[in-house]
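These notes concern the structure reproduced below.
The values are calculated or read from the model by the stated rules, or taken from the named source; none is laboratory data. Just so it is clear, the model here is predicted, and its values are computed rather than measured. Because the Cβ atoms are built from the backbone with ideal geometry, glycine has one as well, and the counts that use them run over all protein chains shown. Only protein heavy atoms, including side chains, enter the accessible area calculation; ligands, DNA and RNA are left aside. Shrake-Rupley method; radii C 1.70, N 1.55, O 1.52, S 1.80 Å.
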Amino acid sequence: MKILGSRRGITQSFENHQYEAEDYAGEHLSDVKIFGTAKVISIVDKYKSHEHTINYNDFLKNVNKWRDGNYYNCISITGNKVRYHHNELGGNEVWLETFFDNEKKHFRITHLDAVLVKIGDIIDSNTIIGKQGNTGLVLSNKPVTDITYGSHIHFEVRDENYNFINPRSYAVGDLIVNYIPQSNEINNNQKQIKIIADIINIREKYTVNSNNIGNVYKGEIYTVLDEINDNKYTWYKINTNRNSIGFVASLKNGRWIEVLDNDRHIDIVDDNYNSIKNKKIENIFECKKDGLYAIRLKKGESIYIS
Ligand SMILES: [Zn+2]
């Protein structure tokens with residue numbers, strides 16, 4: 001099981017885990033890593049091992065009593081009151097995005113004691129994603145006084161539409177996962193946008209009800225192929241470099257997307273020594289140490305630069 005380290009063994013197979021995940025035993029607080037590269041797209045990191053651990057059987061017994069809309073008001077194995085959102089019963093978790101043969105996959109790793117990565121991080125085999133723990137809903141034969149009660153790794157693999165896939169082939173063998181970074185670079189000749197929200201869905205068409213065909217992430221830069229405005233959003237048509245062309249929305253007056261000003265402007269002094277601020281310059285020289293210079297030549301003059 002190279003993806004999770006050789007010290008882990010399967011405790012619950014995909015079939016036994018209601019075709020959603022596999023569980024792996026391992027040492028409590030041991031490092032959790034993957035084998036390959038991926039991008040961190042979501043994390044939960046607010047629960048404490050043991051203190052916030054919920055016994056699965058207690059949960060089943062009290063599920064109706066504990067339920068409060070989308071939340072559960074649980075009593076942990078140490079008697080603490082812990083409020084869990086129904087999506088966060090895995091406790092502290094990390095969602096990763098990666099690619100196998102150009103197909104997007106999502107990994108979910110839950111019950112972590114601590115999360116040691118941030119959203120947007122590109123991680124590799126050397127990155128410690130987190131420490132194995134027992135946050136969230138777990139089951140164990142150990143006494144509840146044992147600090148390692150129910151400590152394990154829950155590992156899900158999802159396709160790009162978040163359907164469950166058997167994680168076995170991703171957790172064993174020599175598969176190397178590769179995140180393909182978005183590769184658009186700043187291009188001064190094209191209108192470009194920079195994503196400043198953590199994550200924005202890519203839509204097939206320029207409506208919010210249109211199919212979600214992927215995501216763009218903070219810091220990525222895209223060339224604008226077309227721009228459509230409606231009452232609420234500006235839609236940018238982009239090529240995502242993942243074989244998809246789609247639309248990303250920027251809420252008007254919101255801070256989701258920044259339109260890059262690729263024209264270069266500098267302050268100059270004219271012939272009469274008047275300073276002119278922020279003038280658009282076409283022929284400029286960039287000096288790594290001092291920034292930008294504009295050099296204007298009179299007719300017939302030439303310069304040599306070395
Ligand atoms: Zn599990």
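Every residue, every condition in (1) among the hydrophobic types (A, V, I, L, M, F, W, C); (2) within 15 Å of residue 34 (Cβ to Cβ); (3) at pLDDT below 90, yes or no:
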position	(1), (2), (3)
169	no, yes, yes
177	yes, yes, yes
190	no, no, yes
193	yes, no, no
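May I ask you to say which residue of 305, 281, 276 is open to solvent by less than 90 Å² (accessible area, probe 1.4 Å), over 28 Å from residue 106 (Cβ atoms) and at pLDDT below 75? Every option except 281 fails the conditions. Restricting attention to segment 235-272, the residues that are open to solvent by 80 Å² or more (accessible area, probe 1.4 Å) and at pLDDT below 80 total 7. Out of 14, 59, 35, one residue alone is away from the ligand (no atom under 15 Å from the Cβ), of a type outside the set (Asp, Glu) and in contact with a strand residue (DSSP E or B) (Cβ under 9 Å, 6 or more places away or on another chain). It is 35. Every condition in (1) away from the ligand (no atom under 14 Å from the Cβ); (2) open to solvent by 20 Å² or more (accessible area, probe 1.4 Å) is met by residue 19 except one, and the failing one is (1). A single member of 9, 26 is in contact with a His (Cβ under 9 Å, 6 or more places away or on another chain), at pLDDT below 90 and either within 16 Å of the ligand (Cβ to nearest atom) or farther than 29 Å from residue 105 by Cβ (or both), and it is 26. Considering (1) within 16 Å of the ligand (Cβ to nearest atom); (2) over 24 Å from residue 100 (Cα atoms); (3) in contact (Cβ under 8 Å) with a residue 12 or more places away in the chain, the lone condition that residue 72 does not fulfil carries the number (1).
Taking the criterion of being at pLDDT 95 or above and of a type outside the set (Gly, Ala, Ser), the residues of segment 132-146 that qualify are 134, 135, 137, 138. If the condition is being among the small types (Gly, Ala, Ser), surrounded by fewer than 20 Cβ atoms within 10 Å (Cβ to Cβ) and under 19 Å from residue 119 (Cβ atoms), then segment 37-74 contributes only 42.
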